[in-house]
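Report on one structure; see the data block that follows.
Please treat every number below as a calculation from the coordinates, not as lab data. Keep in mind it's a predicted model, so treat the numbers as computed, not measured. Cβ: placed from backbone, ideal geometry, glycine included. Neighbour counts: every protein chain shown.
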Amino acid sequence: DAEYFFGREAEVEAVWGKLPTAQLLGVIGASGSGKSSFLGAGLVPARPEGWAVVRCTPGTAAVDALRRAIYAELQSFPEAIQDLAAGGDSAIVQAFGAWRHERGQALLIVDQFEELFTQNLGEEQRRCAEALGRIALDADVHVLLSMRDDFLMRCHDHESLAPIFSELTPLKPPVGGALRRAVVQPALRCGYRFEDEALADEILAEVEGERGALPLLAFALARLWEKRDRENGLITRQAYRDIGGVGGALAQHAEALMERLGTERHPIVRELFRNLVTAEGTRAARDSDELLSVFRESRKDAGEVLRALIDARLLTSYELPSDDGPGRQRVEVIHESLISHWPRLVGWRTQDADSARLRDELRQAARQWHEHGRIDDRLWTGSLYREYAVWRERYPGGLTELEEAFAGAMDVAATRRRRRRRIAAASALALAVVVAAVFGTLWRRSVLETRRTEASKLLALGQLRLADHPNAALAYAIASLERADNDPARRFAVEALWQGPPALFLQGPNPWSVTWSPDGRWLALGGSQGVEVLERETGAARRISSALERTVGFTSDGRRLVTRADEGAPPMRLNVWALPEGRLERTLGHAEVSGAVLVADRLLTLTFDSPEPIRTRSIPVRTLSLDGTTEQELGLWRPRGWVAWDVDPTGTFLFSLQGGRLIQQRLDDLSAPGRLVGTHEGEVEVWVWPWRDRAVTGDSTGEVRIWDVPSARLERTLRSPADAGNIALDPQGRFLATAGRGAGLPLLFDLTAPRVAQPAPLLADVDDLLQMRFSPDGSWLATVHNGNVILWNMAGRLSMVLGSHESIPPPVAFTPDGDLLSSSNDGVLRRWPLSPVSVDVVRELWSGPREYLAIFAMDPAGRFVVVSWGSPNQIIVVPLDDSPATSHRLKFPEGVNFDVLGASLDPGARFLALAASTFGYPELNGVRILDLSTGEERVLDTHPEGPDRCEEPGSSNWGYAEAVWLRDGRLVSDGDAGLRIWDLATGSSRLLRPCRKLQPSTGLVLLATPDSGTVLRLDMAIQVGETSSLSAFDLASGDEREILSHGNRLVSLDLDPTGTILVTGDRNGVIRVGPLTGEEPHLLFGHTGPVWVAVSPDGRWIASSDSDGTARLWPMPDLTKPPLHTLPHDELLAKLKSLTNLRAVPDETSGTGWRLEVGPFPGWATVPEWNP
């Protein structure tokens, strides 16, 4: 059905992208999310060349299911078949190993993996789990387990399945456009269409948001297909009404069958479903003979009912091959959606709920007893037998012949046991002594296994929080590493840190406000339960009041704190507290409603209590000394249409927004006309503190304007994606944070970053934001939420998003003066100014019709850039000074389609070496030298003969080669003719290294070090299933070494200006930065797909671009320090714990078994830094 399968293309590519590097992978989803269809019609048909796939389900004998699955693949291995038939579980692993060795890459898919837990006993579960682990590790077969998401945690019971928690792919039902394609495209493929577009929309709307609705939709569409209008090629609205819509189609169909069967046969239907549905609501496949053996006196009628259910597609029947004779006929429910969406069956299951669990256990135990020769050791005894006896008296249904035999054997054994009870007691005592002797050894091993399992589970929980709460993800990574040191958790901790700044969390008196002392020693929190003052060195908190109170400010020496104790109603009451004693010195205020700020160690109050309209009234402005002895009337402030105000840190000027105008007035001369600084219309707020010569206005649309006050000039405009009615200013001038008025997460602008950079969101699981304040030294940003305060670490490293839209696909390149150039899918070359002081906007340097444009080479002198545009490729030389571009079209014969896959510019910026690949004309593949000054072109012969070649003559890669110019002017090529150095005067070359086989995708990149001593070769992992290789060839010695530390999924690379630092990007979005000598690299996380990289001319920055259109800028890691994820275990844990005090702790009442809690607050004297 692959040709009719639509809507899952992205998920198919994602899973195949993971499989080459994951030995054990999990695909999880809700019942009805389409997992089996995804595997059978999507994933398997899309397997890359060279991959073999085996697919099975556990059924009631999970280990035998693996044996049967591989048996069919071993027809050319008679010895392996004999070993498989005669051997145990190890023979299954060996058989998979032989298959893997023969086929190359191999994948075992175990679908409906939840059957392992619902239809198999504990011993069978253990054997199967261990076999799967050994198949993945010992046989080197990739294993994919597909299961319902509510059974995922059952995998924690088996250590061999633990790796699945670090390689999970959640599969949600398709929605939106993907679901529409899945519905509409198969019909179109068959020449049919929906009668009108609204009909398709109505069908999709009926299942929108419904869990497990996909199979219901599939059933309804199948019924619609049966009733299609064949004459006109239509899916009609009348047919949709006739089947009862999506919701009614299944139930209507099932009830119609029940009516045809007659009420006298309804008990047979019920008994059949009792045996085909587990207590947990999953399907249970049964042999038809075993199923019908329940009906000893009505077997004929039961057989007819069974066939009717199969014919009606409520049940499905298939033959299970047998190794030693005719196959067995198996029966199961068509889909779990029938179990949950047929009201009659739901009612039956509700009535049988109390007895269904034991019936499942009895069925599994009876099968195990039979498979082991019906020995007494497999019979239920003790409390299990007593529970069975009580159940049997009440159970209304029947048992199969095997189950009856098992029950009878239990009764006989129970009689014998009563005679041997005394002996059994003595044996039990002896066994206890033996167990005690070996317990010490087993206990230690069990503890280690348990800790590894817990570590994997914690890692999976952390991955769920990465996108919305990176500090929570970091807490889970810490907990995982505490249980067991493991590489996935080490790397995940680094990934969490790149998602946003680490933070310390603390809880105060239901805080509403926060204030730092000028020396940074104290942090005061005010709220509905009073005021707490925290100390910098230890983080110790002291409650100085217990009633509602807000913080106003500290005096300049940090020895006094002023708080406001009224609730906005007169009289205004201000408390002055002495520190460190926490003693209330005095209470100040006056009778009117006033606003109060503390500036220059005096209180400035503006009294709004007046009968005049609030925006036009005259407002008395006073100063009040903190000892209460002096009150000075500064005058009346007569604003017109004011909406916001603030005072500068010196207490000299009052700034206000009046009718969209930003006005500056002297507080000692309020009667004088104000000075216009600028304009800002709309719902606007103003901030001046703690800056002196700059003011900031922010509005509800997210626009923020920074004003240079002395010159009354708009200095800069920032764009926030949300309301900017709440702003905090960094006293050091580096950062500016915005948030909505009482809602939303903070957004952080780095004012030293390029102006094109987007703000970074500060992500946490918190409610409304009430206030933000930077610490005096700018190292921390305190944000106040309902019940929580977060101190965000501003000293950490952040990547910057420069853009995120379709116009910035890879690759990107730096200009010699440090700007960034981006290619595009729309035929536009853009220049991004990266200087923080540059006022330039993103400029279009060149544009053509909407076709793909790629950057090839940059003139070292910064005069021009060479790009490739269109198909077939045109070579465009674009000057960076805005002068006209020149175009070159390569001289291929008419009708030859070709592609230019790479280019290199000589040191003099005159000659361009191009790697050309043709479609169907491999004799024309090779390196072409283009003279950019004259347009002349010459071809280098890269088609070797005899043993020098790696590609067959006539194959697509025959003669293909990439070329790179060395800084000393020599030209080197690599490809089908091997690594060669060229004498361009004669057109001859000298072989440096024999050829190496090219990837099918021809993804080859060459890069030379600045000293012309080493050539790097990257065979990229372009296509799904390809693995990359990276090597360095020393031109002087002829030695070549593989660089393995950067992984095998690479698609791009670059060097820093010194040629000693290697930067790579891979298919999974990971950037690695390390010494060219191959030591363990630093890790940069932030992209999700194939990523291309470039290093700035000064070596301080790394630019990257993703296939999703996202461009980022990263600070170059400090390579004098070891990568964070490689630190010794204790040192790594200490570092991570210093970055956040959020902790993951066990909680038996939680659905996950874990919860997050805030640990001790360490204070803020030390600002922990981290280096990736």
Quick one: TYR960, TYR388, fewest Cβ neighbours within 10 Å first, how do they rank? TYR388, TYR960
Excluding residues fewer than 8 places away in the same chain, name every one of the aspartates and glutamates whose C-alpha is closer than 18 Å to that of LYS300. GLU264, GLU271, ASP287, ASP289, GLU290, ASP311, GLU401
For the residues PHE919, PHE165, PHE151, what sequence is obtained by ranking on other C-beta atoms within 10 Å, fewest first? PHE919, PHE151, PHE165
For segment 353-419, using Cα atoms only, the Rg and Dmax in Å read 11.4, 36
Rounded to the nearest 10 degrees, what's the angle between the helix 245-261 long axis and the longest principal axis of the chain, both from Cα atoms, 0 to 90? 20 degrees
Would you please classify the overall shape of segment 262-351 from the alpha carbon gyration tensor, given that a ≥ b ≥ c denote the square roots of the eigenvalues, rounded means a/c under 1.5, and beyond that prolate means a/b larger than b/c while oblate covers the rest? oblate
If you wrap a convex hull around the Cα atoms of segment 527-589, how much volume per residue is inside, in Å³? 80 Å³
Evaluate the Kirkwood expression for the hydrodynamic radius of segment 607-752, namely the inverse of the mean inverse distance over all pairs of different C-alpha atoms, and round to one decimal in Å. 16.1 Å
What is the pair-distance distribution P(r) of the chain, computed from all Cα-Cα distances in 10 Å bins starting at 0, with each bin given as a whole percent? 2, 8, 13, 16, 16, 16, 13, 9, 5, 2, 0, 0
Burial-style ranking of 1142-1150, 516-524, 168-176, average other-beta-carbon count within 10 Å with highest first, yields 516-524, 168-176, 1142-1150
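Give, rounded to the nearest 20 debye, the magnitude of the charge dipole that segment 2-172 has about its Cα centre when Lys and Arg contribute +1 at Cβ and Asp and Glu contribute -1 at Cβ.
220 debye
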Non-local amide H neighbours of GLU592 (under 5 Å, H modeled in plane, Pro and chain starts lacking H): which ones? MET572
Report, by chain and number, residues whose modeled amide H sits under 5 Å from the one on GLY1003, excluding near sequence neighbours (fewer than 5 apart, same chain). MET1020
Could you check what % of the DSSP bridge pairs in segment 2-172 are antiparallel, to the nearest 5? 0 percent
Rounded tilt (10° steps) of 213-226 against the dominant C-alpha axis of the chain: 60 degrees
Distant alpha-carbon pairs in segment 218-320 (separation over 17 angstrom), percent: 60 percent
Under 26 Å Cα-Cα from LYS457, which lysines qualify once same-chain neighbours fewer than 8 residues away are excluded? LYS18, LYS35, LYS172, LYS1135, LYS1137
Using the Kirkwood formula on the Cα atoms of segment 806-892, what hydrodynamic radius do you get, in angstrom to one decimal? 13.1 Å
The rounded separation in angstrom of the Cα centers of segment 538-552 and segment 786-801 is 23 Å
Listed peptides 1125-1133, 271-279 by packing density, highest first (mean Cβ within 10 Å): 271-279, 1125-1133
Rounded to the nearest 10 degrees, what's the angle between the helix 487-498 long axis and the longest principal axis of the chain, both from Cα atoms, 0 to 90? 30 degrees
